[in-house]
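The block underneath contains the structure these notes are about, expressed in structure tokens.
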Amino acid sequence: MLGLLQIDGYSLVQEPVGADFVVVNTCGFIEAARTESFAAIHEMLELKRQGKIRGVVVCGCLAERQKEQLLLDCPEIDQVVGVFGREEITKVADRLVGNLDEQREVFRPAPVRALEDRHRLRITPKHFAYLKVSEGCDRLCTFCAIPKMRGKHATKPMEEVIREAEELAADGVRELIVVAQDTTYYGLDLYGEPRLAPLLKQLNDVKGFDWIRLMYFYPMYIDDHLLQTIADADKIVPYIDMPLQHINDTMLRRMSRRVTRSSTEDTIARMRKFIPDLAIRTTFITGFPGETDEQFEELCGFVAEQKFERVGVFTYSREEGTPAVKLPDALPEEVAAERRDRLMEVQQEVVFDRNDALVGTTMDVILDQQVPGQATAWIGRTKHDAPDVDCVVFVSGEGLAAGQIVKTEIVATHEYDLIGAAVDTPR
Ligand code: SF4
């Protein structure tokens, strides 16, 4: 949307005050995300009331999910744009600045092929970018509202993905982060078979990237050929994000995940066998309807045993319109929250032990940003850490800059994070 607006002559400003209009891009995935989205919408509407901005456009998943309701609840919103109406953002902007309010909503059906993401105006740091390889999801996980909002799985054609990657590389991206709702499903709808492995091979050949990071693997379709491709690709970092949600077979069945504990253990073992030094990031849900103490204990035991490098834990969020709301034996939120904290404690021990063992070693760190107010201190990440969700490394050194990859000697730990000193010329 930013790219389209820029091509159409609009310019992006850093602060909302004084802007002709503000676009609030929302998330509607779970209750916590919706609360955050509504807070941003109300903040912008308050600025509008004070006459500091002229218009407010709300788009994204919350807009899509609350189609009928949003303008009724918040009539001061000027325009609402659904997930697949984003191509029309310039028309919406023109209507707004031209004071033509004859139409205030744009909702379009999900396309068969994923929309293009070319000509982007990126607001992530210059040196890393997310590249979406498909849209939507064909899975039926009973807790999840995403397929409702983002439609069926739609693969972005391979040549289109490569074109976008080349554009990003030419724009200075060093770390490419491959995303989708379900990355391992890539190709199935368009080519009749999963095609992630050939896609990754081609992405690895795009000149300009140093690191390629893979996120959101569903624990299916991870065959040995895919793992070998990842292991052979010199730019793909040894990091895979694979949300597992639970490990108890009854829970997995109630979640409709179509995998079992034993198939998951087999997948993890093969991943580790093929890819040396692999960091697996995963996420779990606590307090799903019917989760017993024993099933939760099984999950804790599994996390302690597997020693995942990175784990995130979410409490179950009851989402209207999903099959899970009809399941019996809902648990109180406090129980879900206690279990989340317990599981995080189990994981904390694993991470702290691993961090201690890293002191004295040297690692490549990509520098994301300066520590505010400190000329020689930087915040960076190792190959084992994705932006925003994983750990960071605080790096000290002279003459460093954002986007550089620097050899860093780890000298201490700070809870989940590491502290180090640059020991070589950055590249
Ligand atoms: S695979 Fe992910 S996006 Fe798809 S339904 Fe399951 S949780 Fe939702």
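The values are calculated or read from the model by the stated rules, or taken from the named source; none is laboratory data. All of these numbers come straight from a predicted model, not from anything done at the bench. Cβ atoms come from the backbone with ideal geometry, glycine included; neighbour counts cover every protein chain shown.
To keep it simple, each residue is scored yes or no on (1) within 16 Å of Arg139 (Cβ to Cβ); (2) not hydroxyl-bearing (Ser, Thr, Tyr).
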residue	(1), (2)
Asp224	no, yes
Tyr239	no, no
Pro243	yes, yes
Thr264	yes, no
Ala269	no, yes
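Results for (1) touching a helix residue (DSSP H, G or I) at 6+ places or on another chain (Cβ under 7 Å); (2) under 30 Å from Val133 (Cβ atoms); (3) in the same structural domain as Ala40 (by TED's automatic domain parsing), shown as yes or no for each residue.
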position	(1), (2), (3)
Val57	yes, yes, yes
Ala63	yes, yes, yes
Gln66	no, yes, yes
Leu70	yes, yes, yes
Val81	yes, yes, yes
Lys91	no, yes, yes
Val97	no, no, yes
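Considering segment 20-54, and only residues there that are small (Gly, Ala, Ser) and in contact with a Leu (Cβ under 9 Å, 6 or more places away or on another chain), the residue that is modelled with the highest pLDDT turns out to be Ser37.
Residues of segment 1-44 that are assigned to a loop (DSSP other than H, G, I, E, B) and touching a strand residue (DSSP E or B) at 6+ places or on another chain (Cβ under 6 Å): Pro16 alone. Within segment 261-283, residues that are assigned to a helix (DSSP H, G or I) sit with their Cβ atoms under 6 Å from residues that are among the acidic types (Asp, Glu), at 6+ positions apart or across chains, in these pairs: Arg261/Asp249. Please tell me if Phe143 is of a type outside the set (D, E, K, R), closer than 23 Å to Thr26 by Cα and away from the ligand (no atom under 16 Å from the Cβ). Considered against the rule, which asks whether it is of a type outside the set (D, E, K, R), closer than 23 Å to Thr26 by Cα and away from the ligand (no atom under 16 Å from the Cβ), Phe143 comes out as no.
Specify the residue that is farthest from the ligand (Cβ to nearest atom); the eligible residues are those in segment 112-140 that are over 30 Å from Ala401 (Cβ atoms) and of a type in the set (D, E, K, R). Filtering segment 112-140 for residues that are over 30 Å from Ala401 (Cβ atoms) and of a type in the set (D, E, K, R), the one farthest from the ligand (Cβ to nearest atom) comes out as Glu116.
Taken over segment 368-413, the residue count meeting the criterion of being part of a strand (DSSP E or B), without any contact (Cβ under 8 Å) to a residue 60 or more places away in the chain and either hydrophobic (A, V, I, L, M, F, W, C) or closer than 18 Å to Phe128 by Cβ (or both) is 14. For beta carbons closer than 6 Å, sequence separation of 6+ or different chains, a first residue in segment 123-141 that is over 19 Å from Gln245 (Cβ atoms) and a second that is at pLDDT 95 or above and among the aromatic types (Phe, Trp, Tyr), the qualifying pairs are Val133/Tyr186; Ser134/Tyr186.
For (1) closer than 24 Å to Arg272 by Cβ; (2) under 24 Å from the mean Cα position of the chain (by Cα), each residue gets a yes or a no:
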residue	(1), (2)
Lys307	yes, yes
Glu338	no, no
Asp353	yes, no
Thr362	yes, no
Val365	yes, yes
Gln370	no, yes
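For segment 197-219, give me each residue that is without any contact (Cβ under 8 Å) to a residue 40 or more places away in the chain and within 16 Å of the ligand (Cβ to nearest atom). Within segment 197-219, Leu214, Tyr216, Phe217 meet the criteria.
The number of residues in segment 95-111 being away from the ligand (no atom under 16 Å from the Cβ) and either touching a residue at least 60 places away in the same chain (Cβ under 8 Å) or surrounded by 13 or more Cβ atoms within 10 Å (Cβ to Cβ) (or both) comes to 9.
Just one of the numbered conditions (1) in a loop (DSSP other than H, G, I, E, B); (2) closer than 24 Å to Val13 by Cα; (3) charged (D, E, K, R) is not true of Arg113: (2). Given the condition under 28 Å from the mean Cα position of the chain (by Cα) and among the basic types (Lys, Arg), answer yes or no: does some residue in segment 48-55 qualify? Within segment 48-55, not a single residue is under 28 Å from the mean Cα position of the chain (by Cα) and among the basic types (Lys, Arg).
If the condition is being surrounded by 15 or more Cβ atoms within 10 Å (Cβ to Cβ) and over 21 Å from the mean Cα position of the chain (by Cα), then segment 319-336 contributes Thr322, Pro323, Ala324, Leu327, Ala330, Leu331, Val335, Ala336.
Being within 16 Å of the ligand (Cβ to nearest atom), β-branched (Val, Ile, Thr), within 17 Å of Ile212 (Cα to Cα) and surrounded by 18 or more Cβ atoms within 10 Å (Cβ to Cβ) is not true of Ile247.
Across segment 359-388, the number of residues qualifying as out of contact with any Cys (no Cβ under 9 Å at 6 or more places or on another chain) and surrounded by 17 or more Cβ atoms within 10 Å (Cβ to Cβ) comes to 11.
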